[in-house]
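Structure first, then comments.
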Amino acid sequence: MARVKYTDSDVALMARMMRAEAEGEGKQGMLYVGNVIVNRAIADCLDFKQVRTIPQVIFQVQGGNYSFEAVQKGNVFYNRARGVEKRLAKKNLDYWRQHPGKYALWYFNPYAPCPPTWYDQPFAGQFKQHCYYEPKPGTCASVYT
């Protein structure tokens, strides 16, 4: 059973996001970004109470800006999804979760060492240039299911 309901167009959209945000970090890096996307669709807490679908996650606006830099700036997000990214996205949607993105709701590239918290949320781990952050204990049980 899939972790979240999805359509073929959701797979393609998520694949484009994974590529745009982490292509330079290879398949593993793209899978971690995919974890965050799926986790946000599942999380019924914090800033993610109103997002339940992949398009809602990808195009969520917070503080007047899109949540993901790739949507804000465009870069490769507007390129078509390739087969390899679609397979990775489907893997995330169906079952794949792994540390440091396993329970993460946020990630970013600080171009420096990862800070111990990000907006008061604890550091979960790092993969190449991206730092991943999980919700504080007791604040988002739904992401851990």
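The values are calculated or read from the model by the stated rules, or taken from the named source; none is laboratory data. As the structure is a prediction and not an experimental result, all values here were calculated from the model. For neighbour counting, all protein chains shown are included, and Cβ atoms are generated from backbone atoms with ideal geometry for every residue, glycine included. Note: accessible area is taken over every heavy atom of the protein model, side chains too, but ligands, DNA and RNA are not part of it. Shrake-Rupley method; radii C 1.70, N 1.55, O 1.52, S 1.80 Å.
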Quick one: putting +1 on the C-beta of Lys and Arg, -1 on the C-beta of Asp and Glu, what dipole do you get for the chain around its Cα centre, in Debye to the nearest 20? 440
Karplus couplings for the stretch 86-96 from phi (6.51 cos²θ - 1.76 cosθ + 1.60, θ = phi - 60°), rounded to Hz, Gly and Pro as x? 4, 5, 5, 4, 4, 4, 4, 4, 7, 6, 6
What are the residues whose amide H is under 5 Å from the amide H of ASP44, where those residues sit 5 or more places off or on another chain and H is modelled from the backbone? SER142, VAL143
Carbon and sulfur together cover what percent of the accessible area of the chain at a 1.4 Å probe radius? 52
HN-Hα J in Hz across the stretch 15-22 - Karplus 6.51, -1.76, 1.60, θ = phi - 60°, x for Gly and Pro: 4, 4, 5, 4, 5, 5, 7, 9
The answer for PHE108, listing residues at least 5 apart or on another chain whose modeled amide H is closer than 5 Å to its amide H, is CYS131
Could you give the distance between the Cα centres of the stretch 55-103 and the stretch 116-145, to the whole Å? 17
Computed Rg/Rh of the stretch 65-145, alpha carbon atoms with Kirkwood Rh: 0.99
So if I restrict to the alpha-carbon atoms in the stretch 1-131, what is the Rg, and what is Dmax, the biggest pairwise distance, in Å? 13.5, 39
Residue-averaged 222 nm ellipticity for the chain, from DSSP H runs of 4+ at -39500 (n - 2.57), nearest 500: -11000 deg cm²/dmol
So how much accessible area does SER142 have, in Å² to the nearest 10, using a 1.4 Å probe? 30
